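Novice: I'd like to ask some things about the structure below.
What follows is calculated from the coordinates using simple rules that are stated; it is not laboratory data. All figures in this text were calculated on a predicted structure; none of them were measured in a lab. Using ideal geometry, Cβ is built from the backbone for each residue, glycine included, and neighbour counts are taken over all protein chains shown.
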Amino acid sequence: MRITPTAEFMLEPVFFPVEPNKDAGTSRDNIGFGQSVGPGLDTRHGTILTLEDISVSFDGFKALNALNLYIGVGELRCIIGPNGAGKTTLMDVITGKTRPSHGKAWFGETLDLTQMSEVQIAQAGIGRKFQKPTVFEALSVFENLELAQKTDKSVWASLRARLTGEQKDRITEVLETIRLTTSVNRPAGLLSHGQKQFLEIGMLLMQDPQLLLLDEPVAGMTDAETEFTAELFKSLAGKHSLMVVEHDMGFVGSIADHVTVLHQGSVLAEGSLEQVQDNERVIEVYLGR
Ligand SMILES: Nc1ncnc2c1ncn2[C@@H]1O[C@H](COP(=O)(O)OP(=O)(O)OP(=O)(O)O)[C@@H](O)[C@H]1O
Ligand SMILES: [Mg+2]
């Protein structure tokens with residue numbers, strides 16, 4: 001049995017200290033110790049994610065270089081860029097996997113991501129989907145969703161605990177959203193690659209994240225699955241904010257109203273897909289001219 005529980009299933013709710021940021025704007029100065037994370041993210045200025053002047057160095061090589069990026073509440077943003085541009089590193093910084101050597105990273109107005117652990121960031125409402133699906137293969141679709149439900153208990157305690165009606169309703173709703181209602185009792189290991197991807201997205205949705213990060217979600221999917229993913233993401237935008245990294249331009253064109261092009265760790269261009277595709281510098285980077 002392949003069990004890959006993530007740490008957030010096992011931890012108690014956290015209250016973590018965040019240092020007041022002395023040089024941030026006034027709205028960000030009110031961060032105190034013992035701040036509770038969870039619902040009630042402060043997005044009063046309409047921005048869910050603020051990255052300013054972010055740099056990441058690997059042995060002197062700058063994977064991210066003075067990057068600035070702002071994601072609006074409810075936005076569906078696509079990030080494109082050639083291999084090695086820094087797209088995955090960007091997600092690593094947002095989720096606390098990689099610490100920037102320089103720069104600011106805010107979730108909402110008050111949560112300083114550079115001071116939070118990966119688990120705290122996940123609990124604060126940032127969900128991430130990696131390219132390879134990481135579902136519990138031996139468990140049913142239902143059990144996978146059940147496990148992923150926001151809970152303070154350990155994996156096994158959550159499986160034994162009786163679900164409330166509201167929790168069951170939420171699972172039913174998510175099953176419909178990811179179109180796996182008829183596979184509810186199937187072991188996840190028997191699902192197709194695309195269905196496993198949808199299940200993993202469903203598992204993220206069970207935690208009700210405000211910001212979803214999706215790295216190359218349609219890689220390896222059939223055309224029909226890719227089409228459904230586009231529909232799904234469009235339906236999730238608004239209620240959630242999404243940041244989608246993809247190389248498939250057809251897919252990007254079908255979902256994005258706003259695209260950011262990364263190159264050598266910095267933002268090269270931003271705008272509609274048409275706008276960035278017409279941008280001379282973007283054309284140079286993609287065509288190697
Ligand atoms: N842990 C690491 N140590 C050293 N170099 C790294 C590390 N992680 C990433 N890099 C380098 O940083 C650069 C950016 O990598 P990243 O994976 O973020 O690119 P990407 O835009 O996601 O590319 P792709 O489209 O191929 O997925 C690459 O040159 C990569 O080799
Ligand atoms: Mg990558």
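Novice: Are any of the pairs Lys62/Lys104; Lys97/Lys129; Lys104/Lys129; Lys104/Lys132; Lys168/Lys234; Lys87/Lys129 more than 18 Å apart by Cα-Cα distance, and if so, which? Please report the intermediate quantities before stating the final value.
Specialist: Details: Lys62/Lys104 16 Å; Lys97/Lys129 13 Å; Lys104/Lys129 23 Å; Lys104/Lys132 29 Å; Lys168/Lys234 25 Å; Lys87/Lys129 14 Å.
Violating the 18 Å Cα-Cα cut-off are Lys104/Lys129; Lys104/Lys132; Lys168/Lys234.
Novice: Which FRET efficiency value, to the nearest 0.05, do you get for Gln264 and Glu173 by plugging their Cβ-Cβ distance into 1/(1 + (r/R0)^6) with R0 = 45 Å?
Specialist: On the way: r = 42 Å, r/R0 = 0.94.
Result of the calculation: an efficiency of 0.60.
Novice: Stretch His193-Asp257 to full length: gain in nm at 0.36 nm per residue minus the Cα-Cα span? Write down the numbers at each step before the final one.
Specialist: Numbers: separation 64, 0.36 × 64 = 23.04 nm, distance 2.75 nm.
Full-extension gain reported as 20.3 nm.
Novice: Picking from Ile71, His102, Ala85, whose Cα lies most toward the positive end of the charge dipole for segment 37-102 (charges on Cβ: Lys, Arg +1; Asp, Glu -1)?
Specialist: Positive-most Cα among the choices belongs to Ala85.
Novice: Now for a separate question. Over segment 133-241, with a single point scatterer placed on each C-alpha, what log10 of the ratio I(q)/I(0) does the Debye formula yield at q = 0.09, 0.10, 0.12, 0.19 1/Å?
Specialist: Per q value, in the given order, log10 I(q)/I(0) is -0.22, -0.27, -0.39, -0.99.
Novice: Right, another one. Pull out the extension gain between Lys239 and His102, defined as 0.36 nm times the separation in residues minus the alpha carbon to alpha carbon distance; nm, one decimal.
Specialist: Result for the pair: 46.2 nm of gain on full extension.
Novice: Using the beta-carbon distance between Glu280 and Thr222 and R0 = 45 Å, what value does 1/(1 + (r/R0)^6) give for FRET efficiency, to the nearest 0.05?
Specialist: Numbers: r = 35 Å, r/R0 = 0.78.
Working from the Cβ atoms, E equals 0.80.
Novice: Size of the dipole of segment 133-241 about the Cα centre, Lys and Arg at +1 and Asp and Glu at -1 on the beta carbon, nothing else charged, in debye to 20? It would help to have the intermediate numbers written out before the result.
Specialist: Numbers: 11 positive and 16 negative charges, 88 e Å.
The calculated dipole for segment 133-241 is roughly 420 debye.
Novice: What distance in nm lies between label points placed 7 Å from Cα along the C-beta direction at Lys132 and Glu118?
Specialist: 1.4
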